[in-house]
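Comments concern the structure below.
No lab work stands behind these numbers, since they all come straight from the coordinates. Note that this is a predicted model, so its numbers are computed, not measured. Every residue, glycine as well, gets a Cβ built from its backbone with ideal geometry; the counts of neighbours run over all protein chains shown.
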Amino acid sequence: MTEIIMAAVTGVTLGLAAGMAPGPLMTLAIAQTLRHGVREGLLVAVAPLVTDIPIVLLLFFLLSELPSQLLGGLSIVGALYALYLAYETAKTETLGEITEEAAPSSLRRGAIINFLNPHPYLFWGTVGVPYVLGMHEKSALAPWGFVIGFYFLLVGSKAAVVVLTGHYRNLLIGRYYTYVMRGLAIALVIFAILLFREALDLLAALNS
């Protein structure tokens, strides 16, 4: 029982930290909430539940030995996609103009950007999978406590931000909305630069 509680607390702590950390998925969730409403923002927030299952299963098979060149390649592709999202976000002018768009595909966009983000691979390859395997030696239920606690806070914290954003959404109509969207676009560009830098570091480590 103690192992289960410890694993759950660890999962909750790491999930909250990962969920509240600024990143392309959080930025996209806020942007989609402002553009299309809370429902679309929540679809972005739950994207890790879709993408992380194959990632975690893959890393369990690879035992955290995912090649650095693959992570570097994913970082580059993810950076390019983040730049595309930045362009699309920056060109929006008014809230009314955006809400008339059809099929925002928020879940698909969130899944793409999360799947191309190297952080889930790095986390599960270096922290998540080794920890789960270690806890499994002590208790068969402890790994479930970790996983459930982690994703509950990972998704829940992003969902809370989305709901708060949606609640104050009407205050952002007009020029304030334009400022916010351009600020989000700048944030996405910064994340893209960081992803490019991370890709170069990973590729450089491979060649050293």
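Sorting Glu3, Glu137, Glu40, Glu88 on the 10 Å Cβ count, fewest up front, what's the list? Walk me through the numbers on the way to the answer.
On the way: Glu3 18, Glu137 9, Glu40 24, Glu88 15.
By the 10 Å Cβ count, ascending: Glu137, Glu88, Glu3, Glu40.
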- Task: Mind giving me the nanometre distance, one decimal, between the label points for Thr178 and Ser105, set 7 Å out from Cα along Cα→Cβ?
- Result: 2.8
